[in-house]
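To keep things clear, I will list the structure first and then write my remarks on it.
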Amino acid sequence: MIEEIGRTTEGDLIINIGPQHPATHGVLHLVITLNGETIKKVEPHLGYIHRSIEKMCESLSYRQFIYVTSRMDYLSSHINNHACALCVEKGLQIEPPQRAQYIRVIMDELTRIASHELWWGAMAMDLGAFTPFFHAFRERETITDIMEKTCGARLTMNYMVPGGVMAELHPGFQRDVERFIQLYKSKFEEYSELVTGNVIFQNRMKSVGVLSKEDAISYGCSGPVGRASGVSCDIRKLYPYDIYNKVEFDEITETEGDSYARYVVRLKEIQQSIRIIEQLLGNIPEGDFQAKTKAVLKLPKGEFYQRVETARGELGVYIVSEGGTTPYRIKFRSPGFSNLSALEHMVKGLKIGDLIAAMGSLDLVIPDIDR
Amino acid sequence: MLNEDLKSKLVEILPLISFEDGGEWLNAYVPPEELLACVNQLRATPGFDFDYLFCLTCIDWKTHFTMVYHFSSTLHRHNIVIKARIDRMNPEIETVSHIWRTAEMLEREVYDLFGVVFRHHPDLRRLIMPDDWQGWPLRKDFEDPVNMIKL
Amino acid sequence: MLSLENITRIIHEWLNSHFNPAIALDTEFVLVGVASITLFALLGLSLVWMERKVAAVMQIRLGPNRVGPKGIFQTTADTLKLLMKEGLVPDGADKFLFNLAPFIVMIVAMLILAPIAFAKNFQIWDINIGVLYLSAISSLSVIGILMAGWASNSKYSLLGAMRSGAQIVSYELSAGLSVLSIVVLTGSLSIKDIILSQQNGWWIFKAHIPALISFIIFIIAVTAETNRAPFDMAEAESELTAGFHTEYSGMRFALFFLAEYINIFIVCAIGATLFFGGWMPLHIGSWQAFNHIMDYIPSSIWFLGKTIGLIFLIMWFRWTFPRLRIDQLLNLEWKYLLPISMFNLLLTSLVAIMGWYF
């Protein structure tokens, strides 16, 4: 394989980062060409965890296919489910009850926090600091406990269904979430003490993997990666779904476009998510948690596209329906895929250590890229 | 810009374009050989500025393929869907990867799963499937006897 | 009183009274060898256990707690496992060098042990150029690492080894210069003399600012020299998987692992000797009562306590800091540490000549 890829000049070193490598967080395979320690070329090879989810969905009903999508970006599985549910609802032209919308948004934001927490730990680990990982998990554990109590699962929740959510919240939900918010706020200082304020950390992150605004748009970067480059691309603000237009939160944008900016954006986003949850938590209206839907869902002939904001960026669900009980074609526009395509541009000419820092700051989830 | 405005302006510039009703965004069909000229206009014309290609995919209609491009403008916040019907036997279309760089990977994915050849693509190779893989998995007539996907 | 000094004297006298001097000397050699190998094994086991416990405390978890009380036999179990594992030699590796490398690293670590004073009058070899010997030998370990990286025939290993080479050679300078400042103050290269010169107070207190600066430089430089985080460029597991020992397994890997901890122990012992008086108890000037009480604590306890304190410091670094990048690492040395330590040497000389220390 090396000989085949190795269209290189004399003296270059070709290294396989992955498919098993501590820094790729999954089975990503990067073939990098080095000149000494300097990166000349980065070539992603995908497909090690390709499960052909799009093909699989073509033979699953509109109720069933949602459960497969939890396995795409497993760190924001609620949001994936949410996107699919919204897309089906768009086709059926039903609106979920208010209560369901509130629950969905709270769950989305909790997922976002959990995902960013995990990323925060993994990012520090990529840079060689192990301790933050455990500190991040302490808070994340509280969220997964809440998820487990309500949805019965800790990672692939499968909680959102067309027309609402699958089940009622567990009795102490509000208290549990409040407790989490309290815990998080008391521990947030630790985050900056341990990592953000560290001189080594800042040196490793600042002006590393710079992505200009034009490039970010051209590469289709979204989510924290796009916003760190100054692209306003928060779907929650631009194309609000459910009750995002009723809550107040800021879209965080930075202008530097380096790894540190992406880091800052994510940390601030956690704060905003907490703000959203605080606004909604006390005001969840009474009522049904699911709209009445038929047992077998049939979407009318046509094409439906739903964009949502996952923890990694813009997720698009594109359903092409022929009027049957299964989708004719489904396409998932995954945020990680586009963000990954910008990697080579970001790290060319930098060192191996910078590649790891930049890759970490992209927050790649490989099943999301491969699908 | 609203869909109607977009529509009327597009017709002025590109006479070969045709529209499809329904959908929340404007759906426009262009002949495949006109695609490059069309998207160039979409990208460069002031007032359109479709600088963000957020979804690029292909649909297998058994008789033909439809390439689907979802564009958005970060300046004006309007969206458009451009579609192009291409021959199923000999699927070929111009690449747009030099205009939107994200298209390079997205087109490789489409090539890998549908077998659509993108002319002038800088590096058209299989992306997800192994290099020696035979067949195009997301086509409707694809059957894999070993790894059965149909339920 | 039963102290290490007395035990060695008794053994020495007993051997000399029962055998002829040549046989007695040979027996002593063997005894010293066995003792140092045992010490190595024990140190390796206990320091790995300590590291895991320190890490656990920092990471709000328990650490090893299953094998033996508080998990103290965990490392023994791990070593047994490593002993029984197959030692793979990769295809295409230079077999001879590949097998030799871990032993070189280990032998170097053993050699540095010679001039270290573990307790009062308890020293393997009181060489009159002790400090010079230490700096000379400690730079040899880079050969073992380069050998391992080159012989593995793996690109990760090669990159790790090259990084390690650049790093150790650079930081050797700062470490040497910071050690020199103590030599300047003492006026002797012998470890024994250096310790005895701290009878009325440790150098870090006696020589105040210059000693403090050189201690800080010393601790940074030796952290880099032992390839510990935040300077673990040679291993950098998130970049190079395991750096120079990527291809090593089983007991050969264990030797590298052991050598790392022995090296930590040794550099911390050197630090304790030079800056904190080695086995010398804490004496404050001529305050007799206080000094007398301190003398009751055995000298070996003083030495080990100081060394373990420094080891804890180095472990603390590892579990707190992220890793530097290779160019930042070299910048830190050549642009900051080296000029500062050169200036500091001048300052120390001034202090020593003018007698501005206590």
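The values are calculated or read from the model by the stated rules, or taken from the named source; none is laboratory data. Remember, it's a predicted structure, so these values are computed and weren't measured experimentally. All Cβ positions, even for glycine, are placed from backbone atoms using ideal geometry, and neighbour counts span all protein chains on display.
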Can you confirm whether segment A:31-46 contains a residue that is more than 30 Å from A:Gln20 (Cβ to Cβ) and either β-branched (Val, Ile, Thr) or crowded, with 20+ Cβ neighbours inside 10 Å (or both)?
no
Kindly establish whether C:Ala166 is farther than 30 Å from C:Met294 by Cα, among the small types (Gly, Ala, Ser) and part of a loop (DSSP other than H, G, I, E, B).
no
Looking at segment A:201-209, can you tell me whether even one residue there is under 30 Å from B:Arg77 (Cβ atoms) and within 14 Å of chain B (Cβ to nearest Cβ)?
no
Identify the single condition in (1) away from chain C (no Cβ under 14 Å); (2) on the phi > 0 side of the Ramachandran plot; (3) not polar (S, T, N, Q) that A:Gly128 does not satisfy, given that it satisfies every other one.
(1)
Members of segment A:209-257 that are under 18 Å from B:Phe54 (Cβ atoms), assigned to a loop (DSSP other than H, G, I, E, B) and of a type in the set (A, V, I, L, M):
A:Leu211, A:Val231
In this structure, is A:Asp12 within 27 Å of B:Met105 (Cα to Cα) and surrounded by fewer than 20 Cβ atoms within 10 Å (Cβ to Cβ)?
yes
Selection from segment A:219-265 of residues of a type in the set (S, T, N, Q) and in contact with a helix residue (DSSP H, G or I) (Cβ under 8 Å, 6 or more places away or on another chain) yields A:Ser222, A:Ser229, A:Ser232, A:Thr253, A:Thr255, A:Ser259
Filter segment A:354-371 down to the residues that are closer than 15 Å to A:Val31 by Cα and over 16 Å from the mean Cα position of the chain (by Cα), then identify the one that is surrounded by the most Cβ atoms within 10 Å (Cβ to Cβ).
A:Ile356
Among the residues of segment A:29-52, is any within 27 Å of C:Arg163 (Cα to Cα), among the acidic types (Asp, Glu) and in a helix (DSSP H, G or I)?
no
I'm trying to understand the selection: among the residues of segment B:100-138, which are over 20 Å from B:Leu35 (Cα atoms), buried (at least 16 other Cβ atoms within 10 Å of the Cβ) and basic (Lys, Arg)?
B:Arg126
Is there any pair linking a residue in segment A:114-132 that is among the β-branched types (Val, Ile, Thr) to one that is modelled with pLDDT under 90, with Cβ under 7 Å and at least six apart or on different chains, and which?
A:Thr131/A:Leu194; A:Thr131/C:Met58; A:Thr131/C:Gln59; A:Thr131/C:Trp319; A:Thr131/C:Thr320
Looking only at helices (runs of 4 or more DSSP H) that lie completely in segment C:292-358, which have at least 3 residues being away from every other protein chain (no Cβ under 14 Å)?
C:299-318, C:338-354
If I ask for residues that are away from chain B (no Cβ under 14 Å), among the aliphatic types (A, V, I, L, M) and more than 20 Å from A:Met125 (Cβ to Cβ), which ones from segment A:13-31 would you list?
A:Leu13, A:Ile14, A:Ile15
Please give the helices (runs of 4 or more DSSP H) falling wholly within segment A:275-371 in which 3 or more residues are more than 14 Å from chain C (Cβ to nearest Cβ).
A:335-341, A:343-347, A:366-370
Counting only residues that are touching a residue at least 60 places away in the same chain (Cβ under 8 Å) and under 17 Å from B:Ala28 (Cα atoms), which one in segment B:59-93 is farthest from the other protein chains (Cβ to nearest Cβ)?
B:Ile93
Sort out which residues of segment A:151-171 are surrounded by fewer than 21 Cβ atoms within 10 Å (Cβ to Cβ), over 17 Å from the mean Cα position of the chain (by Cα) and under 17 Å from A:His82 (Cβ atoms), and write them in order of number.
A:Ala153, A:Met166, A:Ala167
If you take the residues of segment A:219-244 that are among the basic types (Lys, Arg) and closer than 16 Å to A:Arg266 by Cβ, which of them is farthest from the other protein chains (Cβ to nearest Cβ)?
A:Arg236
Determine whether segment B:103-116 contains at least one residue that is of a type outside the set (A, V, I, L, M, F, W, C) and away from chain A (no Cβ under 12 Å).
yes
What's the number of the only condition in (1) outside any loop (DSSP other than H, G, I, E, B); (2) touching a Gly at 6+ places or on another chain (Cβ under 6 Å); (3) more than 20 Å from A:Phe289 (Cβ to Cβ); (4) not small (Gly, Ala, Ser) that A:Thr24 fails to meet?
(1)
